[in-house]
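The values are calculated or read from the model by the stated rules, or taken from the named source; none is laboratory data. These numbers come from a predicted model, not from an experiment. Cβ atoms come from the backbone with ideal geometry, glycine included; neighbour counts cover every protein chain shown. We work out accessible area using only protein heavy atoms, side chains counted, and drop any ligands, DNA or RNA first. Shrake-Rupley method; radii C 1.70, N 1.55, O 1.52, S 1.80 Å.
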Amino acid sequence: MITSKIISNGILRALTTILVVCAILYFLYEIQTVIVYLCVSLILCLIANPLVQFLKTKLKFSNSMAATTTLFLFILLLIGFILLFVPLIISQANNLSLLDTDNLQKQFIETERSIETYFNIQHVDLNDMLKKSKITSTLDFSYFTGFINSIMGFMADMGMGLVSVFFITFFFIKDQESFKATARRILPDNNEDKILNSITKINHLLTRYFVGLLLQLTVVFILYLIVLMIFGNQNAFVIAFLCAILNIIPYIGPIIGTILAGILTMISLIGSDFRSEILPTTIYVVIGFMLVQAIDNNISQPIISSKSVNSHPLEIFLITLISGITFGIVGMIIAIPVFTMVKVILKEFFPNNKIVSVLTERI
């Protein structure tokens, strides 16, 4: 028989559960930066696994030595990545300095006079309108100061983030076996093997996935580089590298990369004739990038992604599409890793389920 005491206890337990869940979610929200650091460090650790295993098995490095060497290589890559953009920024700044500012000023003045003429014809006093609207009084010139401060803050946060990520990554690489031993002591005995097997398989598949992603980006980078070099782009290497990095974002990234390549190509040709050189070269570069994307989207990306995580190319496409529609760009980026993790866990805990067995037959 249900009494008022049972009902009140049930309501109390439900409220307590809701409060605990809300507290956990709030706590996770407050430490979201730390969670991002952990995720980035985990990805770097997965990417570094093949190199770490090589150093430990072939060269007989200790855990600390292998972790230090790997982290040192990551730092060198980061420095090289930063230095790549210095020539690009200097070059584009020099190209922009070649603009005919006098001609632009004349065009601006002519446009301004045309507007004033139009309003005078319509018997509207433009100056009087500006005074009455009080636009100048609403302009907040402190915005520029705030913008500069935000940039400085971003740079400081970026530096702190890099130090944190590298620090966490070092211990992720160095103490992998210790973490597994600790997990064995913490996990419940009845599900210990399943959980550890899931972690091992996820680690293996995601390592293959991120290595495969690097291979895909390398292929795209080489093809972009060939296109830019054919048309004599001065900063072909840097632009190809930047546009290849943008390919991490499925579908949208290549579009952004193509637009960026077109803009940088136009800037690099400033001083040349627009009709005979700038416009045709930019069109050819854009067409070349579109061909590279067609090759990547239909050949390299499905094959590499599906082989690395043992999933059918159609699965990869549908999951990425659904995640993009549901969660946007972030969903598209994390779709394949999360889908792989879910498949491994389902197979480990529900191996006899028919739907699970069909979805995970390749794992």
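Here are the numbers for the structure shown:
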quantity	calculated
Test: residue in segment 32-46 that is assigned to a helix (DSSP H, G or I), more than 21 Å from the chain's Cα centre (by Cα) and either within 23 Å of residue 210 (Cβ to Cβ) or among the aliphatic types (A, V, I, L, M) (or both)	no
Inter-residue pairs, beta-carbon under 7 Å, first assigned to a loop (DSSP other than H, G, I, E, B) and in segment 51-76, second of a type outside the set (Lys, Arg), 6+ apart	61/55; 61/69
Qualifying residue in segment 172-184 (condition: loosely packed, with under 13 Cβ neighbours inside 10 Å and part of a loop (DSSP other than H, G, I, E, B))	no
Matching option when the condition is open to solvent by 90 Å² or more (accessible area, probe 1.4 Å), among the hydroxyl-bearing types (Ser, Thr, Tyr) and out of contact with any Cys (no Cβ under 7 Å at 6 or more places or on another chain), among 41, 8, 4, 62	4
Matching residues, segment 193-212, being open to solvent by less than 30 Å² (accessible area, probe 1.4 Å) and not polar (S, T, N, Q)	196, 202, 205, 206, 209, 210, 212
Residue match in segment 209-218 (condition: of a type outside the set (Val, Ile, Thr), assigned by the TED database to the domain that holds residue 282 and more than 25 Å from residue 37 (Cα to Cα))	no
Subset of segment 231-270 [of a type in the set (Ser, Thr, Tyr) and surrounded by fewer than 20 Cβ atoms within 10 Å (Cβ to Cβ)]	251
